[in-house]
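Asks: Here it is, the structure, as structure tokens.
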Amino acid sequence: MRKRMSLQRSRNTQVEVVLRRRLHASGLRFRIHRRPVKGLKREADIVFGPVRVAVFVDGCFWHGCPEHATWPKNNPDFWRNKIEGNRARDSDTDARLAAEGWLAVRVWEHEDPVTAAERIRAVVLDRRAGGKTSGQPVHAAGSM
């Protein structure tokens with residue numbers, strides 16, 4: 001488990017980089033690794049400030065993916081509490097962003113980055129056009 005944890009990147013993961021390249025190639029501009037709301041000590045992976053869209057790329061292990069999460073056999077109570085705490089913090093983050101007029105978009109690390117980029121692009125363009133994209137977080141179909 002220790003080796004697995006030491007190999008986990010927290011920034012600029014492969015899926016993040018591919019996703020950012022696709023978004024940039026589609027003409028969108030954004031900031032990376034920023035706090036969308038001042039005072040909220042949580043950082044989004046990709047931020048579209050003018051339209052208030054914050055994208056989070058969630059790792060299957062760390063965020064308890066319903067399809068791919070694995071539960072360690074060593075110290076299971078610690079890990080269950082840790083991962084469930086991460087999920088609770090994610091929900092709290094989404095709610096706090098929504099209260100400030102932001103929309104959280106969640107992408108699982110296992111998602112196809114092309115499909116995820118298309119979903120994000122549609123949300124950003126809708127909000128740019130003054131669309132009524134709800135304040136509810138946007139997740140991949142069938143997740144969370």
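Asks: Please determine whether any residue of segment 94-111 is surrounded by 15 or more Cβ atoms within 10 Å (Cβ to Cβ), modelled with pLDDT under 95 and not hydrophobic (A, V, I, L, M, F, W, C).
Replies: yes
Asks: Does residue 9 satisfy the condition of being farther than 30 Å from residue 131 by Cβ, at pLDDT below 95 and open to solvent by 10 Å² or more (accessible area, probe 1.4 Å)? Steps first, answer last, please.
Replies: On the way: farther than 30 Å from residue 131 by Cβ: yes; at pLDDT below 95: yes; open to solvent by 10 Å² or more (accessible area, probe 1.4 Å): yes.
When the stated conditions are applied, residue 9 passes them.
Asks: Which of the residues belonging to segment 47-60 are farther than 14 Å from residue 90 by Cβ and part of a loop (DSSP other than H, G, I, E, B)? Working first, answer last.
Replies: Of all residues in segment 47-60, those farther than 14 Å from residue 90 by Cβ come to 47-53.
Answer for segment 47-60, where residues must be farther than 14 Å from residue 90 by Cβ and part of a loop (DSSP other than H, G, I, E, B): just 52.
Asks: Still on this structure, I have one more. For segment 61-77, which residues satisfy the criterion of being surrounded by fewer than 19 Cβ atoms within 10 Å (Cβ to Cβ) and either part of a loop (DSSP other than H, G, I, E, B) or at pLDDT 95 or above (or both)? Walk me through how you get there before you give the answer.
Replies: Restricting attention to segment 61-77, the residues satisfying the condition of being surrounded by fewer than 19 Cβ atoms within 10 Å (Cβ to Cβ) are 62, 66-77.
If the condition is that a residue be surrounded by fewer than 19 Cβ atoms within 10 Å (Cβ to Cβ) and either part of a loop (DSSP other than H, G, I, E, B) or at pLDDT 95 or above (or both), then 62, 66, 67, 68, 69, 70, 71, 72, 73, 74, 75 are the ones that fit.
Asks: Within segment 100-132, which residues are of a type in the set (A, V, I, L, M, F, W, C) and in contact (Cβ under 8 Å) with a residue 12 or more places away in the chain?
Replies: Start the filter on segment 100-132 by keeping residues that are of a type in the set (A, V, I, L, M, F, W, C), which leaves 102-105, 107-108, 114, 116-117, 120, 122-125, 129.
Within segment 100-132, 102, 103, 104, 105, 107, 108, 114, 116, 117, 120, 123, 124 meet the criteria.
Asks: Here is a follow-up. I need the full set of residues from segment 33-48 which are in contact with a strand residue (DSSP E or B) (Cβ under 6 Å, 6 or more places away or on another chain) and either farther than 16 Å from residue 120 by Cβ or open to solvent by 50 Å² or more (accessible area, probe 1.4 Å) (or both), in order please.
Replies: Taking segment 33-48 as the starting set, the residues that turn out to be in contact with a strand residue (DSSP E or B) (Cβ under 6 Å, 6 or more places away or on another chain) are 34, 36, 43-47.
Residues satisfying the conditions are 34, 43.
The values are calculated or read from the model by the stated rules, or taken from the named source; none is laboratory data. Here the structure is a predicted model, which is why all the values come from computation and not from measurement. When we count neighbours, we look across all protein chains shown, and the Cβ atoms used for this are built from the backbone with ideal geometry, even at glycine. Keep in mind that these areas ignore ligands, DNA and RNA; they rest on the heavy atoms of the full protein, side chains included. Shrake-Rupley method; radii C 1.70, N 1.55, O 1.52, S 1.80 Å.
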